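Colleague: I am attaching a structure below and will ask some questions about it afterwards.
The values are calculated or read from the model by the stated rules, or taken from the named source; none is laboratory data. Quick caveat: nothing in here was measured; it's all calculated off a predicted structure. Quick reminder, even Gly has a Cβ in these numbers, built from the backbone with ideal geometry, and neighbours come from all protein chains shown.
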Amino acid sequence: MKANPKDVLTGVYYIDGDVASGYGALAAGCKLVAGYPITPSTEAFEAMCRRGPQVGAVFIQMEDELGSMAAVLGAAWSGVKSMTITSGPGYSLMQENIGFAAMVETPFVLLNIQRGGPSTGVPTKTGQADMMQSRWGSHGDYELIALSPDSPQEMFDYTIKAFNLAEKYRCPVMIMSDECVGHMTEKVVIPEAEKIELEPRRLFTGQPDEYIPFKPDPDLVPKMAKAGDGFNLYITGLVHDERGHPIKNEEFKLKYIRRLVDKIRLNKEKIIELKEEGTDGADVVVVSYGISSRVAVKGVELARKKGIKVGTLRLVTVWPFPDERITKLAKKAKAFVVPEINYGQIVFEVARCSHGQANVVLVPHGGAGVHNPDDIADAIEYAVREEKKIEGVVEYKTRLEKLVFEGGYTLKE
Amino acid sequence: MTSITQALGKGIEKSGIDCRKISVPSDIPFSPEVVRELGVDYFQTPRGRAIAFGTGLKLGNPALKVVPIVGDLMTLGGNHFVHGGRRNMEVCVVCVNNFVYKKIAGKPVPFAAVTFSPYSAFEEPFNFPHLGNSCGAVYTARWTTLHTEELANSFAEALHKGGLSMIEVLAPGPNYYTDINGIESEILKFYYEHSVIKNNEDPRNVAITPEEKIIVGKFTDKERPTFIDSYNAQHSKILGDRFTPHGGKNA
């Protein structure tokens, strides 16, 4: 299915990541955006409010993020593509309905322009500390997909991809961007509608009485129906059987939740997108995502000038996590260096997957800014020189940390 | 709940609206049999989110009639009701009030949850019709599960209202509580003795107080532009031909 030419603003633009994402959503055929504007994601909401009514997309500023997320899910069941846009504090409020969406397999896209946290944090500056929340934020077992674009162009492209993934796998898809990418202004090329491939909704086409709402197709994803089409839908956040009816039975719960998890895990290879450069024969592999991968480019360049063989692995898809690829790289490389704007989140996933075969070095950042590329270069140098195997994660002390804390706290009795 | 869903079924029938176009988001669990009987689409949302979920359903497909059924005295998600009323979102909110938290008639309510209020309830209840009316609801009514016919009529009327309508239903708590209190058979008698029908009463005067009888009836029935009306009017005015009106005749 191709995009509708009316929805696509074909042309070359100089816009920020937030706006690019908004345009991407409309190009993907998003027809409802419900949100509660929050810095630094407001520009995306504004772009959709401005452009949406001209292409038949409705926007509504809800009373809060709980309501926004609920409205997005309601809209999805009414048959339209829908999304919400938020940042840290709003993201926390949305977790309740994200779990509901995962449970009743509702496709939607959530754009999270991460800011400094926790709590109100630093609203106008960047952070990457919601990465684990995006994976485990709602209670219970579930899987979802999270993407991390690193430029305004990617914000456009991957917002479309996010909608496609949401429709294909009927699950929540998070765009885990950050303030830097959201507010970064760059050239964005929006192609012609015919060059934009869209995933249609997996609608059941048979008779209503033949419809079994949660009976999976061979790829483990069931067909969906719309409210108002006479399907007499029974959709509940309680654990349910294939008919959607609540059940408490242990075997059924196992069967249902297992499928929710497996529909993403077993389709991992098709979902995951990575961008790798120079990892063949590399001694050190820099694993990064979002804005940190842009900064890492410079760090890697500096390290290469010193003659170190460095490769880069960019997690365009952060969840599901590319376990196998990291494990494979761990067998060849000496170490991983993971710069991220938090005190260690994705780095522990890297450590988990490297099974102690490669050292794992975290280059932390407290937020409200990005890394100094020199720190990344130094961390790479340290990682390549370190001969002994180190258990767990080594935290590299950055220049800023040394300056502010003189090397960190020591607890005294 | 059974009497409410039965009244809803009757109301739908009376309204002449195709039940397949009706969506019922609710935070109260319905049995699949009830949903099958009603012939509607049912969504059991997280607690308190039925009105917001219904807002999405309505905006996504304006041809739907949305009936959010909320419980717990709207403690969770009350703000969705307040703002739904303000923007006059076209949903028919059913608020099931089973006095889980509240006192009535100056004594421990026979159907109050003994488990949560072992020493009897002491908080004041909401005056829902007044709250709804103040927030901008175009239709407010209160009935008990004794008034099945009146309740069904209210459903039929509310389903045709443009905008947020609100029907408060005084209902016994879940069977679990009525069983604990051993008063299941006394509930309808209680409603009979303690309620009085006063249609068109000023919603300000219908608070449920310990001293007076419970006033039931239809209190508000007015017209206001709905969210979708206002959305269309505003954008048509500014954008002219560039705007395609949402829903309505052009849906």
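Colleague: Which members of the stretch B:124-140 meet the condition of being farther than 11 Å from B:ILE215 by Cβ and crowded, with 24+ Cβ neighbours inside 10 Å?
Modeller: Within the stretch B:124-140, B:PHE128, B:GLY132, B:ALA137, B:TYR139, B:THR140 meet the criteria.
Colleague: When the residues of the stretch A:38-56 are narrowed to those that are in contact (Cβ under 8 Å) with a residue 40 or more places away in the chain and in contact with a helix residue (DSSP H, G or I) (Cβ under 7 Å, 6 or more places away or on another chain), which ends up nearest to the other protein chains (Cβ to nearest Cβ)?
Modeller: In this case the residue turns out to be A:VAL55.
Colleague: Also: Can you name the condition, by its number, that B:GLU186 falls short on among (1) at pLDDT below 85; (2) under 18 Å from B:VAL93 (Cα atoms)?
Modeller: (2)
Colleague: Further, regarding this structure: Looking only at the stretch B:195-218, which residues are of a type in the set (D, E, K, R), modelled with pLDDT of 95 or more and surrounded by fewer than 20 Cβ atoms within 10 Å (Cβ to Cβ)?
Modeller: Restricting attention to the stretch B:195-218, the residues satisfying the condition of being of a type in the set (D, E, K, R) are B:198, B:201-202, B:204, B:211-213, B:218.
Now drop any that are not modelled with pLDDT of 95 or more, which leaves B:198, B:201-202, B:204, B:218.
If the condition is that a residue be of a type in the set (D, E, K, R), modelled with pLDDT of 95 or more and surrounded by fewer than 20 Cβ atoms within 10 Å (Cβ to Cβ), then B:LYS198, B:GLU201, B:ASP202, B:ARG204 are the ones that fit.
Residue by residue, here is whether (1) modelled with pLDDT under 95; (2) away from every other protein chain (no Cβ under 14 Å); (3) closer than 28 Å to B:LEU64 by Cα holds:
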{"position": "A:LEU9", "(1), (2), (3)": "no, no, no"}
{"position": "A:VAL19", "(1), (2), (3)": "no, yes, no"}
{"position": "A:GLY29", "(1), (2), (3)": "no, no, yes"}
{"position": "A:ALA34", "(1), (2), (3)": "no, no, yes"}
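Colleague: On to the next question. Being in contact with a Cys (Cβ under 9 Å, 6 or more places away or on another chain) and among the hydrophobic types (A, V, I, L, M, F, W, C) narrows it down to one residue among A:PHE336, A:PHE321; which is it? Show your work before the answer.
Modeller: Working: A:PHE336 fails: in contact with a Cys (Cβ under 9 Å, 6 or more places away or on another chain).
That would be A:PHE321, the only listed residue that is in contact with a Cys (Cβ under 9 Å, 6 or more places away or on another chain) and among the hydrophobic types (A, V, I, L, M, F, W, C).
Colleague: Using the structure shown, decide if A:THR84 is modelled with pLDDT of 95 or more and within 23 Å of the chain's Cα centre (by Cα).
Modeller: Details: modelled with pLDDT of 95 or more: yes; within 23 Å of the chain's Cα centre (by Cα): yes.
Answer is yes for this residue.
Colleague: Can you name the condition, by its number, that A:LEU73 falls short on among (1) surrounded by fewer than 24 Cβ atoms within 10 Å (Cβ to Cβ); (2) more than 17 Å from the chain's Cα centre (by Cα); (3) more than 23 Å from A:LYS6 (Cβ to Cβ)?
Modeller: Answer for A:LEU73: the failing condition is (1).
Colleague: Go through the residues of the stretch A:382-396 one by one and say whether even a single one is within 26 Å of A:GLY307 (Cα to Cα), assigned to a loop (DSSP other than H, G, I, E, B) and in contact with a Cys (Cβ under 8 Å, 6 or more places away or on another chain). Show your work before the answer.
Modeller: Applying the first criterion (within 26 Å of A:GLY307 (Cα to Cα)) to the stretch A:382-396 yields A:382-390, A:393-396.
With assigned to a loop (DSSP other than H, G, I, E, B) added as a condition, the list becomes A:386-390, A:396.
Within this subset, residues satisfying the condition of being in contact with a Cys (Cβ under 8 Å, 6 or more places away or on another chain) are none.
Checked the stretch A:382-396: no residue is within 26 Å of A:GLY307 (Cα to Cα), assigned to a loop (DSSP other than H, G, I, E, B) and in contact with a Cys (Cβ under 8 Å, 6 or more places away or on another chain).
Colleague: Among the helices (runs of 4 or more DSSP H) confined wholly to the stretch A:119-193, which include 1 or more residues that are outside the structural domain of A:GLY290 (by TED's automatic domain parsing) and of a type in the set (Phe, Trp, Tyr)?
Modeller: Details: elements: A:131-136, A:152-169, A:179-183.
Filter on the stretch A:119-193 gives A:131-136, A:152-169.
Colleague: Here is a further query. Give me a count of the residues in the stretch A:281-323 that are under 25 Å from A:MET132 (Cα atoms) and free of Cβ contacts under 8 Å to residues at least 12 places away in the same chain.
Modeller: Qualifying residue count, the stretch A:281-323: 0.
Colleague: Check every one of the helices (runs of 4 or more DSSP H) wholly within the stretch A:235-313 and list those with 2 or more residues that are closer than 23 Å to A:ASP378 by Cβ.
Modeller: Working: elements: A:250-265, A:268-271, A:291-305.
Where helices (runs of 4 or more DSSP H) fall fully within the stretch A:235-313 and carry at least 2 residues being closer than 23 Å to A:ASP378 by Cβ, they are A:291-305.
Colleague: Determine the pairs where a residue that is part of a strand (DSSP E or B), located within the stretch A:210-234, has a partner that is at pLDDT 95 or above and acidic (Asp, Glu) with Cβ atoms under 7 Å apart, the partner being 6 or more residues away or on another chain.
Modeller: Close Cβ pairs (under 7 Å, with a partner that is at pLDDT 95 or above and acidic (Asp, Glu)) amount to A:PRO222/A:GLU105.
Colleague: Right, here's the next one. Can you tell me which residue in the stretch B:30-47 is nearest to B:THR2 (Cα to Cα), limited to those that are of a type outside the set (D, E, K, R) and surrounded by fewer than 16 Cβ atoms within 10 Å (Cβ to Cβ)?
Modeller: Narrowing the stretch B:30-47 to residues of a type outside the set (D, E, K, R): B:30-32, B:34-35, B:38-40, B:42-46.
Restricting the remaining residues to those that are surrounded by fewer than 16 Cβ atoms within 10 Å (Cβ to Cβ) gives B:31, B:39.
Values: B:SER31: 10, B:GLY39: 15 Å.
Of everything passing the filter in the stretch B:30-47, B:SER31 is nearest to B:THR2 (Cα to Cα).
Colleague: Okay, next question. State yes or no: is A:GLU96 at pLDDT 95 or above and at negative phi?
Modeller: On the way: at pLDDT 95 or above: yes; at negative phi: yes.
Spelling it out, A:GLU96 is indeed at pLDDT 95 or above and at negative phi.
Colleague: Quick one: which strands (runs of 3 or more DSSP E) lie wholly within the stretch B:1-98 and hold at least 2 residues that are of a type in the set (A, V, I, L, M, F, W, C) and under 18 Å from A:ASN232 (Cα atoms)? Outline the logic, then answer.
Modeller: Values: elements: B:22-26, B:41-44, B:92-97.
Hits in the stretch B:1-98: B:22-26.
Colleague: If you don't mind, another one. When only residues in the stretch A:86-101 that are hydrophobic (A, V, I, L, M, F, W, C) and over 19 Å from A:ALA227 (Cβ atoms) count, which is surrounded by the most Cβ atoms within 10 Å (Cβ to Cβ)? Lay out the reasoning, then the answer.
Modeller: As a first pass, look at the stretch A:86-101 and keep what is hydrophobic (A, V, I, L, M, F, W, C): A:93-94, A:98, A:100-101.
Imposing the further condition that a residue be over 19 Å from A:ALA227 (Cβ atoms) reduces the set to A:93-94, A:98.
Details: A:LEU93: 16, A:MET94: 28, A:ILE98: 24.
Here the answer is A:MET94.
Colleague: Would you please list the contacts, defined by Cβ atoms under 9 Å and residues six or more apart or on different chains, that run from a residue in the stretch B:219-238 that is on the phi < 0 side of the Ramachandran plot and surrounded by fewer than 20 Cβ atoms within 10 Å (Cβ to Cβ) to a residue that is among the basic types (Lys, Arg) and in a loop (DSSP other than H, G, I, E, B)?
Modeller: Qualifying pairs under 9 Å: B:ASP221/B:LYS161; B:GLU223/B:LYS161.
Colleague: Working only within the stretch A:223-233, note down all residues that are farther than 14 Å from B:LYS21 by Cα and touching a helix residue (DSSP H, G or I) at 6+ places or on another chain (Cβ under 9 Å). Working first, answer last.
Modeller: So in the stretch A:223-233, the residues farther than 14 Å from B:LYS21 by Cα come out as A:223-224.
Across the stretch A:223-233, the qualifying residue is only A:MET224.
Colleague: I've got another one for you. Can you say whether A:ILE235 is surrounded by 15 or more Cβ atoms within 10 Å (Cβ to Cβ), of a type in the set (A, V, I, L, M, F, W, C) and within 14 Å of another protein chain (Cβ to nearest Cβ), as far as the supplied structure shows?
Modeller: Details: surrounded by 15 or more Cβ atoms within 10 Å (Cβ to Cβ): yes; of a type in the set (A, V, I, L, M, F, W, C): yes; within 14 Å of another protein chain (Cβ to nearest Cβ): yes.
Judged against the criteria, A:ILE235 is a match.
Colleague: Mind listing whichever residues of the stretch B:23-53 are more than 7 Å from chain A (Cβ to nearest Cβ) and either among the hydroxyl-bearing types (Ser, Thr, Tyr) or touching a residue at least 60 places away in the same chain (Cβ under 8 Å) (or both)?
Modeller: Of everything in the stretch B:23-53, those that are more than 7 Å from chain A (Cβ to nearest Cβ) and either among the hydroxyl-bearing types (Ser, Thr, Tyr) or touching a residue at least 60 places away in the same chain (Cβ under 8 Å) (or both) turn out to be B:SER26, B:ILE28, B:SER31.
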